[in-house]
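The values are calculated or read from the model by the stated rules, or taken from the named source; none is laboratory data. Note that the structure is predicted; figures quoted are calculated from it, not measured. Here the Cβ is made from the backbone with ideal geometry for all residues, glycine too, and neighbour counts use every protein chain on show.
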Amino acid sequence: MSAELAQGLHHEGAATRSRSASLRTRLVLALGPATVLAGVGWSLVQPWRLTILHPYHQGFWWLVSEPPLYVVVVGIVFRLVVAPALAADLDRRS
Amino acid sequence: MPHAEMVHWWFGAGILMVALLSLSEAVVGPDVWAMRPWRRYLWPGLAFLMGVLMWPVMTFYTNSTIHMVAHGSWAQTMMLAGASELGLASGKLRSQWWRLCTVLMMLVSGGAFIVHEQQHWLFSRAAFLHHAMGWTLIAGAVFPLLRARRPQSTFAVAGFASVLLVLTVMLFCDRDTAAVFGHISQSAGVPHR
């Protein structure tokens, strides 16, 4: 194999890897917002699951229990704590 | 005391986080995932913590002996699975067969879901979901088993994450007494929420 051909193949491989990593980076960064969106969507479809919207005559535990908000919080925590470092590592590896 | 379904929702939030961590591990691959040591400890640590938190559930939600046995065995195997995965993450455990502890955890958890629900599938939503979650976990145990054989398998990690996502949805759907598919037993109690 000539040096030129080998270099061309090497560049092609690097470009493919880079494209794949970029797609995966976007996917990792989108996981958190997608989860937040799911939580917001759920609260719109089933607003009665959020007792904070109708807080009168609710006990303490019912006011603490806001399942759609839990989903939103998990998405935010994942996006802020896990995703940035993971995306940076993925970019560095590619 | 919080209602039983609230506890399901809290654990649902924890399992959702484990599912997101596993899903992102499947996306980036095990090598990139392991580049930062703290990240390797995330989901095993969370699994261990949920095992610890299962003890108060066992203590305060002991409706019957079978409830106590189910929640107690659940707590033990969740802690065992979390601890073995922590050992693998730190490098103190080297054999990938330690992942069989996660298989055991899923089988015991599935069994616990099924045996501590004394009612039939369509008695109420909680009864239906307990059966569904139990069988989902038992069937889903194939993914950690696959990972014990092939630690680098993306399919195994993604499958595990998918099982946890399905489990999360079912946990969040759980209500103490509510109809399922428009049906609820007359002896189930007053439907709420």
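Just a few scattered comments:
- Helices (runs of 4 or more DSSP H) wholly inside chain A containing at least 3 residues that are modelled with pLDDT under 95 and of a type outside the set (Phe, Trp, Tyr): A:3-45, A:83-93
- Boolean, B:Met17 is modelled with pLDDT of 95 or more and of a type outside the set (Lys, Arg): yes
- Pairs where the first residue, in the range A:66-94, is under 27 Å from B:Cys173 (Cα atoms) and at the interface with chain B (Cβ under 9 Å from one of its Cβ atoms) and the second is charged (D, E, K, R) and part of a helix (DSSP H, G or I), C-beta under 7 Å, 6+ apart: A:Pro67/A:Arg49; A:Pro68/A:Arg49
- Residue in the range B:16-29 that is without any contact (Cβ under 8 Å) to a residue 40 or more places away in the chain, closer than 20 Å to A:Val72 by Cα, of a type in the set (S, T, N, Q) and within 14 Å of chain A (Cβ to nearest Cβ) present: yes
- Out of B:Ala139, B:Ala148, sole residue that is part of a helix (DSSP H, G or I) and in contact with a helix residue (DSSP H, G or I) (Cβ under 6 Å, 6 or more places away or on another chain): B:Ala148
- Selected residue (criterion: nearest to B:Ser84 (Cα to Cα)) from residues of the range B:30-44 that are more than 10 Å from every other protein chain (Cβ to nearest Cβ) and surrounded by fewer than 17 Cβ atoms within 10 Å (Cβ to Cβ): B:Tyr41
- Qualifying residues in the range A:47-57 (those that are surrounded by 13 or more Cβ atoms within 10 Å (Cβ to Cβ) and within 11 Å of chain B (Cβ to nearest Cβ)) - the one farthest from B:Gly29 (Cα to Cα): A:Thr51
- Residues within the range B:34-55 that are touching a Lys or Arg at 6+ places or on another chain (Cβ under 7 Å) and modelled with pLDDT of 95 or more, tallied: 0
- Among residues of the range B:54-80 that are closer than 19 Å to B:Gly12 by Cα, those with a beta-carbon under 7 Å from a residue that is part of a helix (DSSP H, G or I) and hydroxyl-bearing (Ser, Thr, Tyr) at least six positions away or on a different chain give the pairs B:Trp74/B:Ser109; B:Thr77/B:Ser109.
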